[in-house]
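Taken together, the values in this text are just the output of simple stated rules run on the coordinates, not laboratory data. Just so it is clear, the structure is predicted and the values come from calculations on it, not from any experiment. Counting neighbours? That spans all protein chains shown, and the Cβs are built from the backbone with ideal geometry, glycine included.
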Amino acid sequence: MKIAEGLRENGIVVGNAYDKYGSSNPIERWLVNGFASALTELVDRVKPASIYEIGCGEGYWTLQWLEQGIDASGSDFSEKIIKLAREMHRVGASLPPYFRRAASTTSNRFVTAPI
């Protein structure tokens, strides 16, 4: 998986600064594994037909769900990180994810816009 590694857009760090899923720090691994287990258990219990991930970053979870056969898509406010997510798909994922840019408005509703 490609990681943004501190990529900035309009002065804001976007995506993951490092590969938290591949960390060698035992405390960090414990935290990330705990989150991953809880999220996976939730998805397994609910058995959703589709998932829309807001703030998908590089698309790690969206790609995981697509590979499980769930109709998943993701959005992020960053054009750069969405481009990286799409590149990530072309490199290794076997199913076609749908990533798009979305900006939060003052009413806290998400507005999507094609890139």
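List of remarks:
- The set of residues in the range 46-74 being of a type in the set (S, T, N, Q), closer than 21 Å to Y21 by Cα and surrounded by fewer than 23 Cβ atoms within 10 Å (Cβ to Cβ) consists of Q64, Q68, S73.
- Filtered residues of the range 48-89 (kept if closer than 21 Å to G11 by Cβ, out of contact with any helix residue (DSSP H, G or I) (no Cβ under 9 Å at 6 or more places or on another chain) and not in a loop (DSSP other than H, G, I, E, B)): E79, K80, I81, I82, K83, L84
- The range 1-36 - residue that is among the acidic types (D, E) and closer than 21 Å to T62 by Cβ and, of those, surrounded by the most Cβ atoms within 10 Å (Cβ to Cβ): E9
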